[in-house]
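Peer 1: Pasting a structure below so you can have a look.
The values are calculated or read from the model by the stated rules, or taken from the named source; none is laboratory data. Here the structure is a predicted model, which means the values were calculated and not measured. Methodologically, a virtual Cβ is constructed for each residue, glycine included, from the backbone with ideal geometry; neighbour enumeration extends over all protein chains shown. The area values use the complete protein model at the heavy-atom level, side chains included, leaving out ligands, DNA and RNA. Shrake-Rupley method; radii C 1.70, N 1.55, O 1.52, S 1.80 Å.
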Amino acid sequence: MQAPSGCPFMSKEDFNPFDLSNPFPQYKEFREEKPVFFSEELGYYVVTRYEDVKAIFSNWKTYTSQNAQSPFKPISPKAKALMEEQGLVGLSGLSGRIPPDHTRIRRIVSMAFSLKRIKKLEPRIRELAIKMITKFKDDGEAEIVKQLAYDLPALVIFMLLGVPEEDVDKVKGWAESRLLMTWGNLTDDEQLVHAQNLVNYWKYCENMVAMRKEDRTDDLPGELMSLQEEGHEITDREIAAICYSQLFAGHETTTSLMANGIRELLRHRDSWKAITSHPELIPNAVEEVLRYSPSIVSWRRRTLEDTVIGDVEVPVNSNLLIVMGSANRDESNFEDGEEFDIHRENSKEHLSFGFGIHFCLGSPLAKLEFKTVLEELTRLVPNMKLKENQEFKFAENTSFRAPVALQVEW
């Protein structure tokens, strides 16, 4: 797809959307000079200002979410055939659906994925956090991703979905395959390996639903099966798709939130000292992390009609990359937006969980998990600091940003 004449254009050399090591300085340049432009690498219009991103999230009739889970790079014929043969076609939990299906399914999932159910998990989240931190607190050092942030969110979402603890590594591996297949830049041979993982992942979710028919458990899929039995309109495949989505989104992004957040708080030593001395500051610190260094820096939409974004005319059926990681620092909405400030009064106005009908259902759980982890880390290891001279690496993809490892000491 070619950008129409008059639209700002960024070549592959000038903008690599798969490099998330430190995209924020370039985001700032875009907001100031080319807030909407066409990316040669993606074939997408890229939108970077707060007002525009929020408006797109708010208007599902003009900007559909149906491409939100579509792979950026074409799936190879062999990988596509493998997935189609196993029934892995057209799956979406909620983020890629539109009304009326979205409205129907979200209402039912909201009944099962309630704040009451989430709050019931808090004692277990704290117990897990204390147990994991206690294992390394006397060592004088730790790798936070491996020893805390990687497993804890998975164990929590597995509790919610009724997945046994011994399946953590397996499902985390499948989730990574999903990330790379959808948002990554894989070769055809690499795609084939990850496609097989996704088939295994989907069969696992189908089996979860089948098991709930035989044994109704007190968890999210069990509750959805009960609602189905009561007459609510949701199919077995839709329940399996919700599980497929939540087993990915419910922990991958929270792992990233913790890794990004702990890194930023330790980089900004005054902030770490402040939440250690005053734990009541932690909830707003969580919001500021979400604003300043979100787990997901960009998401996608497609235009259903000719439209204008900023001053740029965008034709119907155009793909959009909407960059929350840029919008969240837009100084038109956040004073000194490039500064990390846990006292910021409007941190909650970030767009990291989206906005409008697709606002993230799991946001209360993610924030509860990170809040609890920070409370226990600052209590048990108050003198933690970043190890010097470490290189932070980030997985190559367009949207999910977090350090692969985080070395700390005390």
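Peer 1: Listed residues 333, 317, 389; which is of a type outside the set (A, V, I, L, M), without any contact (Cβ under 8 Å) to a residue 60 or more places away in the chain and within 30 Å of residue 274 (Cβ to Cβ)?
Peer 2: On inspection, the qualifying residue turns out to be 389.
Peer 1: Restricting the first residue to the stretch 348-366 and requiring it to be within 18 Å of residue 66 (Cβ to Cβ), which pairs with a second residue that is open to solvent by less than 20 Å² (accessible area, probe 1.4 Å) and polar (S, T, N, Q) meet a Cβ separation below 6 Å and a spacing of at least six or different chains?
Peer 2: Within 6 Å, the pairs are 358/65.
Peer 1: Which residue, of 194, 102, is at pLDDT 90 or above, of a type outside the set (Gly, Ala, Ser) and buried (at least 18 other Cβ atoms within 10 Å of the Cβ)?
Peer 2: Criteria check complete, one pass: 194.
Peer 1: Just name the residue that is nearest to residue 44 (Cα to Cα) out of those in the stretch 251-307 that are part of a loop (DSSP other than H, G, I, E, B) and either acidic (Asp, Glu) or open to solvent by less than 30 Å² (accessible area, probe 1.4 Å) (or both).
Peer 2: Taking the candidates together, the pick is 298.
Peer 1: Tell me, yes or no, whether the stretch 235-245 has at least one residue that is modelled with pLDDT of 90 or more, closer than 30 Å to residue 383 by Cα, open to solvent by less than 10 Å² (accessible area, probe 1.4 Å) and among the small types (Gly, Ala, Ser).
Peer 2: no
Peer 1: Here is a further query. What pairs can you find where one residue is in the stretch 168-184 and within 11 Å of residue 154 (Cβ to Cβ) and hydroxyl-bearing (Ser, Thr, Tyr), the other is modelled with pLDDT of 90 or more and assigned to a helix (DSSP H, G or I), and their Cβ atoms are less than 8 Å apart, with a gap of 6+ or different chains?
Peer 2: none
Peer 1: Another question, then. Just the residues that are open to solvent by less than 60 Å² (accessible area, probe 1.4 Å), of a type in the set (A, V, I, L, M) and more than 30 Å from residue 319 (Cβ to Cβ), please, taken from the stretch 109-131.
Peer 2: Within the stretch 109-131, 112, 118, 121, 125, 128, 129, 130 qualify.
Peer 1: Let me spell it out: the conditions are (1) open to solvent by less than 50 Å² (accessible area, probe 1.4 Å); (2) more than 13 Å from the chain's Cα centre (by Cα); (3) among the hydrophobic types (A, V, I, L, M, F, W, C), and residue 361 meets all of them except one. Which number is the exception?
Peer 2: All conditions pass for residue 361, except number (2).
Peer 1: How do the helices (runs of 4 or more DSSP H) wholly within the stretch 71-141 filter down when requiring 1 or more residues that are polar (S, T, N, Q) and under 24 Å from the mean Cα position of the chain (by Cα): which remain?
Peer 2: So the answer is 101-112.
Peer 1: Sticking with this structure for a sec: Kindly establish whether residue 325 is part of a loop (DSSP other than H, G, I, E, B) and open to solvent by less than 10 Å² (accessible area, probe 1.4 Å).
Peer 2: When the stated conditions are applied, residue 325 does not pass them.
Peer 1: Tell me which residues, restricted to the stretch 369-401, are open to solvent by 20 Å² or more (accessible area, probe 1.4 Å) and among the hydrophobic types (A, V, I, L, M, F, W, C).
Peer 2: 380, 386, 392, 394, 395
Each row is one residue, and each column tells you yes or no for (1) within 20 Å of the chain's Cα centre (by Cα); (2) over 29 Å from residue 126 (Cβ atoms); (3) open to solvent by 40 Å² or more (accessible area, probe 1.4 Å).
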residue: 152; (1), (2), (3): yes, no, no
residue: 169; (1), (2), (3): yes, no, yes
residue: 173; (1), (2), (3): yes, no, no
residue: 177; (1), (2), (3): yes, yes, no
residue: 183; (1), (2), (3): yes, yes, no
residue: 198; (1), (2), (3): yes, yes, no
residue: 207; (1), (2), (3): no, yes, yes
residue: 212; (1), (2), (3): no, no, no
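Peer 1: Looking at the stretch 48-58, can you tell me whether even one residue there is over 25 Å from residue 237 (Cα atoms), touching a Pro at 6+ places or on another chain (Cβ under 7 Å) and part of a loop (DSSP other than H, G, I, E, B)?
Peer 2: For the stretch 48-58, residues over 25 Å from residue 237 (Cα atoms), touching a Pro at 6+ places or on another chain (Cβ under 7 Å) and part of a loop (DSSP other than H, G, I, E, B): present.
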